[in-house]
1. Given a Förster radius of 22 Å and the C-beta distance between residue 139 and residue 175 as r, what FRET efficiency does 1/(1 + (r/R0)^6) yield to the nearest 0.05?
2. Taking amide hydrogens as modeled 1.01 Å from N in the peptide plane, which residues meet the under 5 Å criterion relative to residue 87, leaving out close sequence neighbours?
3. Ordered by residue, what ³J(HN,Hα) values in Hz, to whole numbers, does the stretch 85-94 give under the Karplus form 6.51 cos²θ - 1.76 cosθ + 1.60, where θ = phi - 60° and Gly and Pro are x?
4. Amide H neighbours of residue 179 under 5 Å, counting only residues 5+ apart in sequence or on other chains, H built in-plane at 1.01 Å?
5. If you take the Cα atoms of the stretch 24-207, find Rg, then find the Kirkwood Rh from the mean of 1/r over all pairs, what is Rg/Rh?
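Laboratory data are not the source of any read-out in this text; all were calculated from the coordinates shown. Everything numeric here is computed off the predicted structure, so don't read it as measured data. When we count neighbours, we look across all protein chains shown, and the Cβ atoms used for this are built from the backbone with ideal geometry, even at glycine.
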Amino acid sequence: MQPDPHLHLARKTSPGGSGLSTSAGRAAELNARFAHAGATEVLQAAFAEVPDIALVSSFGADSVVLLQLAARIKPDVPVLFVDTEMLFDETLQHQRRVAELLGLTNVHVIRAKNTSAQDPDGTLHKTDTNACCALRKTEPLQQALAGYGGWITGRKRHQSGTRARLNMFEIEVGSTRLKVNPLALWSAADTIRYMKSAQLPRHPLVAQGYPSIGCAPCTTPVTQGEDPRAGRWRQTEKEECGIHFVDGKMVRSGDKT
């Protein structure tokens, strides 16, 4: 059954109205209130709770789903796209095509400012993938997010073991920013069905065996039966670029820090 992004079942409301403290309790209350809500309602709540929220997108394999849902509600939502300057050409072309197709009017292309000093020959990824991700992706994004009160991601529970307990609302550790994952409960099949129903374009590399797409040097095709993210940082234990880590460690909702 295709997920209904508009699905709304009875939800709990706080007796004191919508005034939520900027703490883990804020995310917990939102998760309770919207436990049975669809992605569209979660997005509407995010825009209402945090007017200065941004959407972070890699314009990857199925990023178009979240982008389309957000564009239907708020086409001028700030969309932060990190260009690591090591992306596939197909990703850069897809980013421009999708932004135009969906009418997104506020896309910000983020790039690191100090790569020439720290990675002058572009080979840091060969010796230290974590340092490369920090330099080209994590740090530039954190700098860009400094001006926002929250951010929206396309993460889903099925994507990896580190995301298995993902909630729709989180408070970013080390800050008061609200982090929203409207598609957290969607399966891979849900995403594909929605894309087909809405006639949304997939990233062109998906057809070439790339179900998960990152930087060109660190992404390979996967074979039938492999985990969809097996092609990311192959032959290493690395699963995430670092955007969703604090002090080098994955932090899940409910974890003590």
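1. Calculated transfer efficiency: 0.90.
2. Result for residue 87 returns 216.
3. Here the 3J(HN,Hα) series is 6, 10, 6, 5, 4, 4, 5, 5, 5, 5 Hz.
4. Hits under the 5 Å cutoff: 151, 170, 171, 172.
5. Checking Rg against Rh, the ratio lands at 0.96.
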